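Peer 1: Got a structure for you, questions after.
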Amino acid sequence: MPRQILHFSVQRQHLLSQQHLLTNIFGGFIKLCLAKFYIFPSNGNIYYHSNIYTNIYTNAPTSTPTHIPTATQTPTPTQTPVFTNNISVYTYTIIATYPHDHDAFTQGLVFEDGIFYEGTGLYEQSSLRKVAIETGQVQQIYELPKQFFGEGLTIYEDKIIQLTWKSQIGFVYNKDTFALLRQFRYPTEGWGLTHDGHRLVMSDGTATIYFLSPDTLELIGQINVHINGKPVTRLNELEYIKGEVYANIWQTEQIVSINLENGNVTGLINLTGLLRGVEINHPVDVLNGIAYDEEHDRLFVTGKWWPVLFEIELVPR
Ligand SMILES: [Ca+2]
């Protein structure tokens, strides 16, 4: 979770400094030992690097939680995955790049009527925002009470619904004024949120997608998401697009499209390298945030603390 990311980031930076010093002193043996050490960070997850397509449906993320790309970074060739069961695979083309508030720890992103609605996280920093596309400027903001860690959000009719991470409390706002209309409870953690026109669709970081009544906000169903029969965990920010739900997979640069009838993953989008070439002057975190402009068929993605937001076009592989 995000707090663990921060902790891991600091720990990793420290370890990297230690590693550099010790490597100079003791040589490759020590380096090997440390390398083995920090693939088991404090959150108990096992981190390793390999082709995303071979381990996206395990619990192992394929990229480190925090990274700072540089202009000199060498592009890594993307391996061509082999799939069965008619899963479509996509890479991407960047259509446009827009400014994004690099202090926004993006947890939810929606496009409507020419602007973005964005939810940000972290304790004492969580917010609900209206953001101008072209400039990235925040036009309107509501700051959540300090004890809440904001998560995904969606717009249903004239209301905004926003989740929180571990509080099991969600909020409903007036879309125009951001006036808080009510709060509600749900039984899991809150991660991503979207809707399919008649149900709210929610993720909690597992392989389960939950359905909530948009009227009562009660749980009315759930499905398990899988790819080739194996669960796809760490489903995070969501967006309903053309009859399917797109979910970015936490701590990866991958998005999956999900059939809500059966939980099957129908497509895999590899967004590796999105920040390549972007000047980065501060820490950035993982890809998070999908928004869709239905009227103009535009797809937007960004990430936590990213200084930019991208309009992308999917390219079949
Ligand atoms: Ca979204």
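The values are calculated or read from the model by the stated rules, or taken from the named source; none is laboratory data. The structure displayed is predicted, hence computed values, not measured ones. Don't worry about glycine lacking a Cβ; one is built from the backbone with ideal geometry, like all the others, and counts go over all protein chains shown.
Peer 1: Determine if segment 243-262 includes at least one residue that is at pLDDT 95 or above and in contact with a His (Cβ under 8 Å, 6 or more places away or on another chain).
Peer 2: There is no residue in segment 243-262 that is at pLDDT 95 or above and in contact with a His (Cβ under 8 Å, 6 or more places away or on another chain).
Peer 1: I'd like to know if segment 176-196 contains one or more residues that are in a strand (DSSP E or B), in contact with a Ser or Thr (Cβ under 8 Å, 6 or more places away or on another chain) and more than 26 Å from Pro231 (Cβ to Cβ).
Peer 2: Just the residues of segment 176-196 that are in a strand (DSSP E or B), to begin with: 180-185, 193-195.
Restricting the remaining residues to those that are in contact with a Ser or Thr (Cβ under 8 Å, 6 or more places away or on another chain) gives 193-195.
Now drop any that are not more than 26 Å from Pro231 (Cβ to Cβ), which leaves none.
No, segment 176-196 contains no residue that is in a strand (DSSP E or B), in contact with a Ser or Thr (Cβ under 8 Å, 6 or more places away or on another chain) and more than 26 Å from Pro231 (Cβ to Cβ).
Peer 1: Just to verify a result, which residue in segment 72-109, among those that are touching a strand residue (DSSP E or B) at 6+ places or on another chain (Cβ under 8 Å) and among the aliphatic types (A, V, I, L, M), is modelled with the lowest pLDDT?
Peer 2: Ile87
Peer 1: While we're on this one: Could you grab me the full set of residues in segment 170-194 that are away from the ligand (no atom under 16 Å from the Cβ) and within 15 Å of Leu122 (Cα to Cα)?
Peer 2: Glu189
Peer 1: Picking from Asn262, Asn224, Asn236, which residue would you name as being surrounded by fewer than 21 Cβ atoms within 10 Å (Cβ to Cβ), within 19 Å of the chain's Cα centre (by Cα) and in the same structural domain as Gln168 (by TED's automatic domain parsing)?
Peer 2: Of Asn262, Asn224, Asn236, the one residue that is surrounded by fewer than 21 Cβ atoms within 10 Å (Cβ to Cβ), within 19 Å of the chain's Cα centre (by Cα) and in the same structural domain as Gln168 (by TED's automatic domain parsing) is Asn224.
Peer 1: For segment 213-316, which strands (runs of 3 or more DSSP E) that fit wholly inside it have 3 or more residues that are away from the ligand (no atom under 16 Å from the Cβ)?
Peer 2: Per the criteria, 219-224, 265-270, 308-316.
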